[in-house]
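Working notes for the structure below.
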Amino acid sequence: QVQLVESGGGLVQAGGSLRLSCAASGIIFGFSAMGWYRQAPGKQRELVATISRFGIRDYAGSVKDRFTISRDNAKKTVYLQMNSLKPEDTAVYYCNTPQAGNDYWGQGTLVTVSS
């Protein structure tokens, strides 16, 4: 079955960096679009970044020029490099892949940015 496992979250000071990883299994990774979403306390889950099977990237305006999504098809892993972190980036970050009309999610990894 589809499994997405995130890692790399933690506590960081404002202005710092973190890299999140999402290891996928149960899918044909090289043919799959992948994405990162986040959910802050009391807020709805929102899109952060996506990367298509062809490597085309898209970002939310709030993270553009600070975050970079990338993928390693050989490792079946998608990454989110987060630089210049702000307290408002604090959230649980989720990995996502759409498969045959269904959305699959990881368990999430918590990112906390202190001011």
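The values are calculated or read from the model by the stated rules, or taken from the named source; none is laboratory data. This one's a predicted model, so the numbers in the text were calculated from it and none came from an experiment. Here the Cβ is made from the backbone with ideal geometry for all residues, glycine too, and neighbour counts use every protein chain on show. Accessible surface areas use protein heavy atoms only, side chains included; no ligands, DNA or RNA. Shrake-Rupley method; radii C 1.70, N 1.55, O 1.52, S 1.80 Å.
Below is a table of values for the structure above.
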item: Two-site FRET efficiency, Ala100 against Lys64, from Cβ-Cβ distance with R₀ of 25 Å, rounded to 0.05; result: 0.25
item: Where the Cα pairs of region 19-115 fall when distances are cut into 10 Å bins, in %; result: 16, 52, 27, 4, 0
item: Accessible-area composition of the chain, carbon plus sulfur, in percent [1.4 Å probe]; result: 49
item: Computed FRET value (nearest 0.05) for Ser84 with Arg45, which takes r as the C-beta separation and R₀ as 22 Å; result: 0.45
item: Nitroxide proxy distance, nm - points 7 Å out along Cα→Cβ at Gln107 and Gln13; result: 3.1
item: Region 1-45: Cα Rg divided by the 2.2 N^0.38 Å rule of thumb; result: 1.45
item: Whole-number accessible area per residue in Å² for the chain, which is evaluated in the context of all protein chains at 1.4 Å; result: 54
